[in-house]
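Enquirer: One structure coming up, written as structure tokens, with questions to follow.
The values are calculated or read from the model by the stated rules, or taken from the named source; none is laboratory data. Since this is a predicted model, take the numbers as computed values, not measurements. Positions of Cβ are backbone-derived with ideal geometry, glycine not excepted, and every protein chain shown enters the neighbour counts. Note: areas computed on protein heavy atoms with side chains; ligands, DNA, RNA excluded. Shrake-Rupley method; radii C 1.70, N 1.55, O 1.52, S 1.80 Å.
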2 protein chains.
Amino acid sequence: MSFSRPTVHPVQAPPPQAQGDANAAPFGVRMKKSQGTPGTLGGLGLRLAQASFAAASIATMASTHVFSSVSAFRYLVAAAILQCLWSLVLALVEIYAILVKRSVMNLKAAGISSVGDGITGSLTFSAACASAGVTALIGSDVEMCAGNSCARFMAAVAMAFLSWFALAPSFLFNFAFTASRLAALSR
Amino acid sequence: MSFSRPTVHPVQAPPPQAQGDANAAPFGVRMKKSQGTPGTLGGLGLRLAQASFAAASIATMASTHVFSSVSAFRYLVAAAILQCLWSLVLALVEIYAILVKRSVMNLKAAGISSVGDGITGSLTFSAACASAGVTALIGSDVEMCAGNSCARFMAAVAMAFLSWFALAPSFLFNFAFTASRLAALSR
């Protein structure tokens, strides 16, 4: 037994890494912290911005007395009501996710959100475009602005566009998440 | 040497699979055959449909004598001209790709196509929505159709929407291809 042997020093097993808590948790359970994605304060802010811009658009349009006689303006009010309700529901979901510190980013939720965002977003965008066309016709083409309160029409159209702009990041996050998960599943 | 040995039968190496020619070729060189994607007859058909619907929309709108006094209709004509030119250029690229039997699906071409499709598509869609709002106002809200040739306005709007519908698959194919390639590169 003159051969040298490697000595064995039994050491205690290192505890699982405690720092970087959110990264160590299994994927999909804890929130990731990139702002703007669903389940963060940025995502909640986007939802609230969508709902409040849509509500401002409805209020501005409803304060004019001729909106109910123009189809495009009625369509804008209907689309903005749908947008406002949808964004409020998703804002409640985000508040819940923030309070319980859980992610709402699973495949089914992101898929439903992206489909709903797509539908309400295209309705809001098309209604805003149609109302903008009518506003431009009344305001600058035939110049009947005196009794028609063009400034309010323009404000309502601008609010609808702002609501749509606030919707775009939410839709893109959800859509990209859904697409990447589906691509990973099909691989 | 009483042990048994495994016998070795030298066999000829099988030739590389010759059937499935398009699949065996290196990716990105030969055309893949799923119809509707760029570089196929379906993709060329989509491009030609976009260009012809946009041209029909321009012709129908220009045949009315009042279109130049309404901003939304002027915007529709401008957007449809841009759409027609863009689709014709890409149709020429597709014809070239079909003639030389090469794929046009590389990352840079698909990225440029999807950005251009996105820009022309949103212009066409918003112009069609604005013109639809004005057409609904003239046609059913204030009923001034007698001298205004509403049927032509409606036809022009419908052609613009059809051009946009034909654009959507091209955009989605290019966008999905670009996104999946970028995701593969960043991995």
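Enquirer: Work out, in µm²/s and without decimals, the Stokes-Einstein translational diffusion coefficient of segment B:70-187 at 4 °C, 1.567 mPa s, Rh from Kirkwood over C-alpha pairs.
Expert: After rounding, the answer is 81 µm²/s.
Enquirer: Hey, another quick one. Placing the label point 7 Å from Cα along the Cα-to-Cβ direction, what are the distances from B:Arg102 to the equivalent spots in the other copies, shortest first, in nm to one decimal?
Expert: Result for B:Arg102, in nm, nearest copy first: 5.4.
Enquirer: FRET efficiency for B:Arg187 and A:His65, Cβ-Cβ distance as r, R0 = 41 Å, nearest 0.05?
Expert: After rounding to 0.05, the efficiency reads 0.10.
Enquirer: Stretch A:Ile81-A:Ala168 to full length: gain in nm at 0.36 nm per residue minus the Cα-Cα span?
Expert: Result: 29.6 nm gained on full extension.
Enquirer: Counting only Cβ atoms, what residue of chain B lies nearest to the axis that sends chain B onto chain A, and how many whole Å off?
Expert: Residue and rounded Å distance to the axis: B:Cys129, 2.
Enquirer: Kindly report, to the nearest 10 Å², the accessible surface of A:Val77 as traced by a 1.4 Å probe over protein heavy atoms only.
Expert: Accessible surface of A:Val77 is approximately 20 Å².
Enquirer: Related question: Give the separation of the Cα centroids, segment B:97-124 to segment A:29-101, in Å.
Expert: Cα centroid to Cα centroid, the span is 34 Å.
Enquirer: If DNA, RNA and ligands are ignored and the probe is 1.4 Å, what is the ranking of A:Tyr75, A:Tyr96 by accessible area, most exposed first?
Expert: A:Tyr96, A:Tyr75
Enquirer: Find, among the trypsin sites (Lys or Arg not before Pro) in segment A:50-126, those assigned to loop by DSSP (not H, G, I, E, B) with at most 16 other beta-carbon atoms within 10 angstrom.
Expert: A:Lys101, A:Arg102
Enquirer: Report, for B:Ala59, each distance to the same residue's label point in the other copies, shortest first and in nm; define the point 7 Å along Cα→Cβ.
Expert: 5.1
Enquirer: Next question, about the same structure. For B:Ser122, which inter-copy label distances result when the label point lies 7 Å beyond Cα on the Cα-to-Cβ vector, reported in nm to one decimal and in ascending order?
Expert: For B:Ser122, the other copies' label points sit at 1.6 nm, shortest first.
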